[in-house]
Amino acid sequence: MALIECRNLTHVYLKGTPLEAVALQDVTLSVEAGEFVGIIGPTGSGKSTLIQHFNALLRPTGGALRVSGIDLANPRADVKTLRQQVGLVFQYPEHQLFEETVYDDVAYGPRNLRLNEDEVGERVVESLALVGVDPNRFGRRSPFSLSGGEMRRVAIAGVLAMRPRVLVLDEPAAGLDPKGKEEILGQIRALHQAQGLTVLLVTHSMDEAAQLVRRLVVLARGRVVMDGPVREIFRRAQDLAALGLGIPAIAELMLRLRGSGLQVSPDTLTVDEARAAIREALRWN
Amino acid sequence: MELTRYVTIGQYIPRESPVHRLDPRSKIAAVTVLTVAVFVVRDFSGYGLLTLFLLGVVLASQIPLGYLLRGLRPVLFLLLMTLVLNVFFSGIQGGTVLFQLGPVVATREAVLRAVFIGYRLVALVLVTSLLTFTTSPVQLTDGIERILRPFRRLGVPAHELAMMMTIALRFIPTLLEETEKIMKAQMARGAEFEHGNILRRARALVPVLVPLFVSAFRRADELALAMEARCYRGGEHRTRMKELRLAPRDAVALVLTLAASFVFTIPYTTWQALLR
């Protein structure tokens with residue numbers, strides 16, 4: 001059975017009040033263990049609402065949802081176990097730092113799991129290392145004295161310290177400088193490849209999606225409008241444009257080259273592929 | 001985990017109703033008059049008429065009655081306490097005993113008084129919720145500023161008070177949203193807010209309050225900077241885009257409210273005398 005399985009998942013905010021709003025409607029989606037899935041969609045399409053369902057911060061108001069075998073339509077579901085298995089990194093996670101030291105902040109999750117201090121320490125060191133923060137240099141410092149990129153990595157380490165099987169990230173690179181962005185995204189890719197984590201990545205950047213994920217789910221007005229391999233989705237440039245979304249810069253370039261008569265392969269998403277495609281079209285081999 | 005679902009007091013519900021269109025000043029005046037009336041009324045006939053009047057206003061305002069009543073939820077505990085205390089510890093000596101259990105006595109008079117006092121509480125919440133449901137926060141503070149303006153000579157900083165209120169009201173939803181987000185983020189790291197004794201629950205709030213304060217101060221800084229960047233310098237010589245203007249309907253509403261309030265406060269015995 002799939003790790004995450006939604007069938008006709010529907011969520012209505014403030015149900016039964018004059019301010020009620022439908023955020024998700026009939027979302028059917030399944031994610032297998034070990035996948036790397038991107039979720040894109042215009043603002044207000046329900047991305048954040050959807051991912052909050054995956055660790056039971058929100059409950060479906062309609063439809064069925066099972067995450068790692070736990071039925072979340074059941075109000076008495078074992079939420080604690082689930083939150084341990086599904087790590088959720090919110091947008092601007094550095095806004096949730098609160099402890100006096102980096103070490104204690106990352107230790108917050110493991111301590112909530114009532115682990116003994118030895119194991120807590122082990123997990124803190126491990127998770128900080130996973131996001132490229134040196135525990136010896138930064139452990140004793142106040143999280144509020146760090147740079148934006150460092151704070152964000154410490155916050156992500158705080159989630160990794162729960163040792164989740166699934167990592168869900170909401171715009172993990174938003175607001176960082178190009179170097180910080182590259183580092184964070186590189187570390188997420190490494191987590192997927194080396195640790196075998198299942199990763200769901202919400203992003204506004206088509207370039208990020210093209211670089212990282214293999215499968216893309218497109219949401220619009222609370223519904224899944226496209227779901228498939230990245231390359232197939234980005235071939236539908238016109239459909240995406242109609243939703244207010246774009247395609248990666250490289251794909252756009254290829255499209256324009258084809259428009260001006262150079263027969264490059266349309267299946268091109270990265271710089272390396274683009275170079276190969278252009279060389280081939282020009283017969284430079 | 002939807003805080004806004006439980007806090008309905010102070011929420012503005014945009015509609016195109018005659019009550020919404022009234023000038024905020026006349027609504028504030030009407031609420032004041034009704035509040036006084038609620039405390040002056042002493043008998044069933046008065047409360048009955050008051051209830052009919054309030055129902056009429058609710059109907060005209062197009063606010064669903066159920067939603068309005070939901071605003072009573074936060075005061076439910078207070079209401080129950082008021083009822084219990086007044087029934088059993090009223091201090092009324094004598095009277096018809098309805099119910100006795102050892103030293104605890106409930107008399108007819110005490111029960112009546114408890115019901116009246118409880119109903120007053122309900123009516124107060126309803127009247128004030130009607131004001132906030134039908135008046136946007138901006139209109140409300142505009143109205144308050146205009147009402148306070150004559151007192152500026154006495155050193156009342158009318159504009160500054162209104163601006164502070166506007167900002168505070170403006171940030172209530174923002175801070176609620178922020179609180180919800182931080183709580184969720186900490187819950188994703190295994191925090192529990194609904195278990196344990198009071199001490200443990202209070203301690204569980206530290207990981208919410210610290211980030212909340214940090215962000216509130218950051219927001220305050222940003223807002224101050226944004227206001228200064230637009231040359232904000234208090235109320236002197238400030239004009240406004242939407243001037244408040246009293247319309248004939250405001251006079252109608254005020255006269256109606258005053259007349260109705262006067263009628264409520266006439267005791268039943270006087271009615272009997274008048275109608276004979």
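The values are calculated or read from the model by the stated rules, or taken from the named source; none is laboratory data. These figures come from a predicted structure and were not determined experimentally. Don't worry about glycine lacking a Cβ; one is built from the backbone with ideal geometry, like all the others, and counts go over all protein chains shown.
Remarks
- Test result for B:Gly66, in contact with a Leu (Cβ under 9 Å, 6 or more places away or on another chain), among the small types (Gly, Ala, Ser) and under 30 Å from B:Phe193 (Cβ atoms): no
- Some residue of the stretch A:58-67 being outside any loop (DSSP other than H, G, I, E, B), in contact with a strand residue (DSSP E or B) (Cβ under 9 Å, 6 or more places away or on another chain) and within 14 Å of chain B (Cβ to nearest Cβ): yes
- Which listed residue is in contact (Cβ under 8 Å) with a residue 40 or more places away in the chain and assigned to a strand (DSSP E or B), from A:Val154, A:Val199, A:Val159: A:Val199
- Looking only at residues of the stretch A:1-19 that are within 14 Å of chain B (Cβ to nearest Cβ) and farther than 25 Å from A:Glu171 by Cβ, we find that the one that is surrounded by the fewest Cβ atoms within 10 Å (Cβ to Cβ) is A:Gly16.
- Across the stretch A:88-109, the qualifying residues are those that are more than 7 Å from chain B (Cβ to nearest Cβ) and in contact with a strand residue (DSSP E or B) (Cβ under 6 Å, 6 or more places away or on another chain), and the one among them that is farthest from A:Leu160 (Cα to Cα) is A:Gln91.
- Qualifying residue in the stretch A:20-32 (condition: assigned to a loop (DSSP other than H, G, I, E, B), modelled with pLDDT under 90 and either away from every other protein chain (no Cβ under 14 Å) or surrounded by fewer than 16 Cβ atoms within 10 Å (Cβ to Cβ) (or both)): yes
- Any hit, the stretch A:76-86, residues being at pLDDT 90 or above, surrounded by fewer than 22 Cβ atoms within 10 Å (Cβ to Cβ), part of a loop (DSSP other than H, G, I, E, B) and more than 10 Å from every other protein chain (Cβ to nearest Cβ): no
- Some residue of the stretch A:119-136 being within 11 Å of chain B (Cβ to nearest Cβ) and within 23 Å of A:His192 (Cα to Cα): no
- Every residue from the stretch B:19-46 that is at pLDDT below 90 and of a type in the set (Ser, Thr, Tyr): B:Ser45
Yes/no matrix, rows are residues, columns are (1) basic (Lys, Arg); (2) closer than 19 Å to B:Gly190 by Cα; (3) assigned to a loop (DSSP other than H, G, I, E, B):
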residue	(1), (2), (3)
A:Asp104	no, yes, no
A:Pro110	no, yes, no
A:Leu115	no, yes, yes
A:Asp118	no, yes, no
A:Arg123	yes, yes, no
A:Glu126	no, yes, no
A:Val133	no, no, yes
A:Arg141	yes, no, yes
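- Checking B:Leu199, B:Leu209 one by one, the residue that is assigned to a helix (DSSP H, G or I) and within 10 Å of chain A (Cβ to nearest Cβ) is B:Leu209 and no other.
- Criterion violated by A:Leu255 - all others in (1) among the aliphatic types (A, V, I, L, M); (2) part of a helix (DSSP H, G or I); (3) at pLDDT 90 or above satisfied: (3)
Table: residues versus (1) within 26 Å of B:Thr134 (Cα to Cα); (2) surrounded by 12 or more Cβ atoms within 10 Å (Cβ to Cβ); (3) of a type in the set (D, E, K, R).
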| site | (1), (2), (3) |
| --- | --- |
| B:Phe53 | yes, yes, no |
| B:Gly56 | yes, yes, no |
| B:Leu76 | yes, no, no |
| B:Leu85 | no, yes, no |
| B:Gly95 | no, yes, no |
| B:Ala106 | no, yes, no |
| B:Glu109 | no, yes, yes |
| B:Arg113 | no, yes, yes |
| B:Gly118 | yes, yes, no |
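- Criterion: among the acidic types (Asp, Glu), more than 14 Å from every other protein chain (Cβ to nearest Cβ) and loosely packed, with under 15 Cβ neighbours inside 10 Å - qualifying residue of B:Glu177, B:Glu228, B:Glu194: B:Glu228
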